[in-house]
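Everything on this sheet refers to the single structure shown next.
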Amino acid sequence: MKYCIPDCFWPVKDQGSYLGHEAISILNLSDQDVPAEMTLYFEDRKKLEGFHLEIPAERTIHFHTYDLKNEQGVSIPRGVGYAAVIECEKPIVVQYTRVDTTQSELGLATTMAVVME
């Protein structure tokens, strides 16, 4: 199964001590752990592969994008729009959330991933 999030962005600027927040939240209703792979797509550069995600059985997990690194140790870039595609063998629920920390009046955006079979 493929889960697509076409509009992701982690801004360069933070407001005060509050670090920009962007997270991919995943719910696994299965009684087995679900391994997943994430690939990032950009407008002006090659895709970035090798992000391994492990979703525990009957749990929710929140992957904060500032913590994620691929198998080569490359982080998700700040200030660059991208799309994320998560692939796995079992059905999961994927939600993307971004808190706009570029201004003092924090804004929240969230969306559910589009499922491609």
Take the chain, connect every pair of alpha-carbon atoms lying under 10 Å apart with a spring to form a Gaussian network, then pick out the residue of 72, 95, 32 with the largest mean-square fluctuation. 72
Run through the stretch 54-114 and list the GluC sites (Glu not before Pro) located in a DSSP loop whose Cβ has at most 12 other Cβ atoms within 10 Å. 58, 71, 89, 105
Computed over the Cα atoms, what is the radius of gyration of the chain divided by 2.2 N^0.38 Å, N being its residue count? 1.06
Leaving ligands, DNA and RNA out of it, rank 62, 21 by accessible area with a 1.4 Å probe, largest first. 62, 21
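Carbon and sulfur together cover what percent of the accessible area of the chain at a 1.4 Å probe radius?
Roughly 52 percent of what the probe reaches on the chain is carbon or sulfur.
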I'd like the antiparallel share, as a percent to the nearest 5, of DSSP beta bridges with both residues in the chain. 100
Compute the Kirkwood hydrodynamic radius of the stretch 30-75, taking the inverse of the mean of 1/r over all pairs of distinct Cα atoms, and give it in Å to one decimal. 11.9
Exposed trypsin sites (Lys or Arg not before Pro) absent - longest run of the chain, DSSP non-H/G/I/E/B, at most 12 other C-beta within 10 Å: 48-117
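Accessible area per residue for the chain in Å², computed with a 1.4 Å probe and the full protein assembly in place, what is it?
With the other protein chains kept in place, the chain gives 58 Å² per residue.
The values are calculated or read from the model by the stated rules, or taken from the named source; none is laboratory data. Since we're looking at a predicted model, the values are computed, not measured. No Cβ is skipped: glycine too gets one built from the backbone with ideal geometry, and neighbour counts run over all protein chains shown. Quick note on the areas: whole protein, heavy atoms, side chains included, nothing else; ligands and nucleic acids left out. Shrake-Rupley method; radii C 1.70, N 1.55, O 1.52, S 1.80 Å.
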